[in-house]
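The values are calculated or read from the model by the stated rules, or taken from the named source; none is laboratory data. Note that the structure is a prediction, hence the values are computed from the model and not measured. Cβ atoms come from the backbone with ideal geometry, glycine included; neighbour counts cover every protein chain shown. Remember, those area values only see protein heavy atoms, side chains included, never the ligands or the DNA or RNA. Shrake-Rupley method; radii C 1.70, N 1.55, O 1.52, S 1.80 Å.
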Amino acid sequence: MTQIVAILIIPLVAALVLAALPWHRFAAWLNALASFSTFLAASSLLYARPEATILLFIDDFNVYLVVLTTFVAFTTSWFSASYIEHEVEIKRLTPASLRFYHAMYQVLTFAMLLALVANNIGLMWVGVEAATLTTVVMVGLYRTRESLEAAWKYFILGSVGIALALFGTMLVYLAAQSVMGEGVEALAWTGLQARAASFDPALLNLAFVFLLVGYGTKVGLAPLHAWLPDAHAEGPTPISAVLSGLLLNVALYALLRYKMILAGNEGAITPGPLMLAMGTSSLLLAGLMLYRRRDIKRMFAYSSIEHMGIIAFTFGIGGPLANFAGLLHMALHSLTKSAIFFAVGHISQVKGSQKLADMGGLTTSHPALGWGFVLGVLSIAGLPPMGLFMSEFLVVTSAMARQPWLAVPLVAGLALAFGALVLRLQQVAFGAPRGQSAPISASLVPLYLHLGMVFVAGLWLPRPLVVWFQNVASLLGG
Amino acid sequence: MIGRIEFDIAHALSASVLLLSFALLYQRRVSGVIEAFALQAVAVAAAAAWQAFTQDAPHLYITALIALLFKAMVIPIALSRIVRKLGMHKTIETVLGVNLALLAGVGLVALSILLVFPATSVAAVLTRENLALALSIVLLGLLMMITRRNAVTQVIGFMSLENGLVLAAVGVKGMPLVVEMSIAFSVLIAFLVFGMFIFRIRERFDTLDLQYLEAFRGDHQSERS
């Protein structure tokens, strides 16, 4: 129990301390240190798993997401420490707003972890809401017209999403209440999952529609994705990395938990076709949209929509193999996309612009950064031997096995995105150097650390991870 | 079930919240929208207080009090100040005409009854009808957010959507965390209104009409600048 409490308390205390600290250089490293301690506390969950309580719990599903979240939060805070200093130097940010930024970073970590470890559907909802609010203020951090507009749009759409998710949550409680009685027990995941078979299926179906639309907005599934590219493009780059790498996963986790409940009830609809439809539309739409992007961060935001589409599609197919592929893809996309945003952050600082037209020949002018970027983009495009090739290969195979025609839109979407990414990659990374070219002082370790892990995952997965994935995949149903 | 005075009063209060949702849809002036919303918040507070009384659940009085003080008083006063300070348009641009919006509203109420009634056959009658009313209010709130172009009315649309959620929550007997939920939502709404203040102070927006916000779609803005 103390371990779970520790991963929640450390970020909260760190947020309070960082809100009070006036020295921003020191605060940036303290932020990284706090994130590292949270990561250490989370890693201990791998060895000893605490008993579930009525409010908090750890099981095969959320344990890897908790460790992944704390790990990426740590590496992002490391990247942020070297990135954000530059933003103060060029006067895009003031030391005061930086203090706010660091405190909010820890609050965001807290909120995401709360949503992940909550054994209570109400508490999980509160975690997602709090994470939304903190990211809204972070997106508006630069106080430019564009960033405020992006924050407003994100706020309105995100609020509607979580309001609908709450209605769905209440319906699930209503379904559980007639079986499990009134009180907090009827909100606990552990109880809900054990008794799911006896719930009223019609009520569960209705609830799932609201949950899908509500949390689906937060996942960024088309046609509810409108907030996502703006929020990614206008906020500070470390926040884009956390948004894409972690927050989308947290919302998806919430959705999948509910899918497990539906899978445990015979009379309920299979959510598969709904998720397939939303996944396919996200994949194809984002694939097409990738071609017209002029802003590098916006482009990778669309790539996140594409990958969330792939993941939703995968869980929509269902069955042990596809579910396994989906879980793997969630983890690998998180690592790869945050690595790409680290590279993009350094690139836009080097070039003094986010526009693709201002970039070129990075492998010549900044070899380490340029090749890191190339590796990241090739990995996200799904080339072997990187890990995402593995998971995408599994997705395509399981789609073929289930319904051969399902593989057609999937492969088309993957090919579309691949083409767009390679096109842009050539422009940014190769050819004669273009645009302004400042030297980088930033640390590239987080970038290569993530890429190294994705590379290893393409060749070999640790045994316990495979066992967890298999257990969860069987619970997620068809 | 029929004829018991508790149910009749609970239904009457929920139905008056729904009626005020329709009132929100046909207002053409910003001040009218704000007044209608304040009235709706009073009705929600009354509904919550009545449920607290009949269910013998004293914590619901807190929810009622939050609705009464925060949503019926503080928020409407703050919003009227914003409207006056910003010299916003007194009339509201609508995407749909008022008649069409009302018609769509009736359709949504029918839809939510059709959705909820078959799904909740096992639940108590009171819960079931309350849930259908609450869902109609949620959907009408969404409709208002879609059909109104003005940021203040969008925020009010969101708050009336949230009134529907509160109504659903207090109607489900023994629902835990209702109070916590209404506090969480108050925080959210406070953020929204506070955000509008921020926009005004920074003077980044010439107007709060979201039509202008929509200039910012895709990359167009960054391409121009």
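Here is how the numbers come out for the structure above:
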quantity	calculated
Within the accessible area of region B:1-122 (1.4 Å probe), percent carbon and sulfur	71 percent
For A:164-174, mean number of other protein chain Cβ atoms within 10 Å	6
Gain upon complete extension [A:GLU51, A:ARG463; 0.36 nm per residue less C-alpha separation]	146.0 nm
Cα gyration tensor of region A:172-257 - equivalent ellipsoid semi-axes, whole Å, descending	33, 14, 9
Per-residue average of Cβ from other chains inside 10 Å of A:197-206	3
Mean Cβ neighbour count within 10 Å, used as a protection proxy, ranking A:404-413, B:181-190, A:297-306 highest first	A:297-306, B:181-190, A:404-413
Buried accessible area, chains B and A (both chains, 1.4 Å probe, Å² to nearest 100)	4300 Å²
Estimated [θ] at 222 nm from DSSP helical runs (n ≥ 4, -39500 (n - 2.57)) normalised by residues in chain A, nearest 500	-25500 deg cm²/dmol
Scattering profile of region B:5-214 at q = 0.10, 0.18 Å⁻¹ [log10 I(q)/I(0), Debye over alpha-carbon scatterers]	-0.42, -1.24
Mean accessible surface per residue for the protein assembly as shown, computed with a 1.4 Å probe while every protein chain stays in place, in Å²	35 Å²
Carbon and sulfur %, accessible surface of chain A computed with the full protein complex present, 1.4 Å	71 percent
Region A:23-110: equivalent-ellipsoid semi-axes (sqrt of 5 x gyration tensor eigenvalues, Cα, Å)	31, 12, 10
Extended-chain gain in nm, criterion 0.36 nm per residue less alpha-carbon gap, A:PHE455 and A:PHE26	151.1 nm
Selected from A:VAL242, A:LEU414, A:SER353, residue furthest toward positive end of dipole (the protein assembly as shown; charges at beta carbon)	A:SER353
Most to least accessible of B:LYS85, A:LYS91 (protein chains only, probe 1.4 Å)	A:LYS91, B:LYS85
Kirkwood Rh (inverse of mean 1/r, distinct Cα pairs), the protein assembly as shown, angstrom	25.9 Å
Shielding by partners, peptide A:117-130 (average Cβ within 10 angstrom, other chains)	2
Relative packing of peptides A:275-286, A:443-454, B:152-163 - highest average C-beta neighbours within 10 Å first	B:152-163, A:275-286, A:443-454
